[in-house]
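Bear in mind that the values in this text are calculations on the coordinates, not laboratory data. Note that the coordinates shown come from a computational prediction; the quantities given were computed from them, not determined experimentally.
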Amino acid sequence: MENRFAHYCLVFSKQHQVLVSVSCITPVPATCSIIRTTLHSTCMDCKAQSSVLMHHRLSLLCLLCCLQVYSIKDSNLCLTGTAEVPLAGVYMDKVLLEQELPVKMVAFGRCFRTEAGAAGAAGKGLYRVHQFTKVEMFVLSTPGQSDALHQELINIEQELFTELGLHFKVLDMPSGDLGAPAYRKFDVEAWMPGLQRYGELSSASNCTDYQSRRLNIRYRPNPKGAAAAEEQQANGSSSNSSSNGKQGRKGG
């Protein structure tokens, strides 16, 4: 059931001209479950978030995100906390031509979280879990394309959940609820009868050039010879589920 739902989301995304990324496993394209710790810390900028914690209590949200990653002892590897990170790493240290943008990717990803500090947050059901899967959409664009593509991602998510017959609402998140990379973020929450409340299904974030600067992802504007500039990034998770097919907590 889980693979069927993931395949449905991948096909749905592809119908909206979001390209399926290179496959790591079959039958569905998937991001890697183990990544280098340096890639994760570069995308999420954990060191910077930790250093500003004493100056701004809102940075606690960012620090907790970094603490939720499972590290592999005696190595520079960790388990993927969100499929956003390996997708961002695909174009690390690359320079693209402006006419190649936007680059739209989507992939199935297995995600692992320690859920540090989450004790008692959801006492019933399988809402907060240590392993879950999701379909992640990720876009590289120019600054001028960024806002429109961010809206395109949230439109895809709304259309998907409408087609599934879910009762949901879209929240434009306040700055205090944003992690360090996000300039703007929309959350999609659906009514969950088992919990008797709304719960998050997915999100869509515009990260502008936060990650592209750290990953050294650039594009060369037209005309030829112009200096390379940093790209803008947006990402959205079009579905989230725990490993047994029930709803899981989103990432990224």
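Holding the Cα-Cα limit at 20 Å, pick out from Lys94/Lys134; Lys14/Lys104; Lys104/Lys134 the pairs that are longer than that.
Lys94/Lys134
Expected output is a single nm value to one decimal: the length gained when fully extending between Ile72 and Asn3, i.e. 0.36 nm times separation in residues minus the C-alpha distance. What is it?
22.1 nm
Give me the number: length gained by fully extending Arg36 to Val11, i.e. 0.36 nm times residue separation minus the C-alpha to C-alpha distance, one decimal in nm.
Going from the current span to full extension adds 6.1 nm.
What is the gain in length, in nm to one decimal, between Trp191 and Ala229 on full extension, counting 0.36 nm per residue of separation less the C-alpha to C-alpha distance?
Full extension from Trp191 to Ala229 adds 9.5 nm.
Long-range amide H contacts for Tyr91: which residues qualify at under 5 Å (H placed 1.01 Å from N, peptide plane, sequence gap of 5 or more or a different chain)?
none
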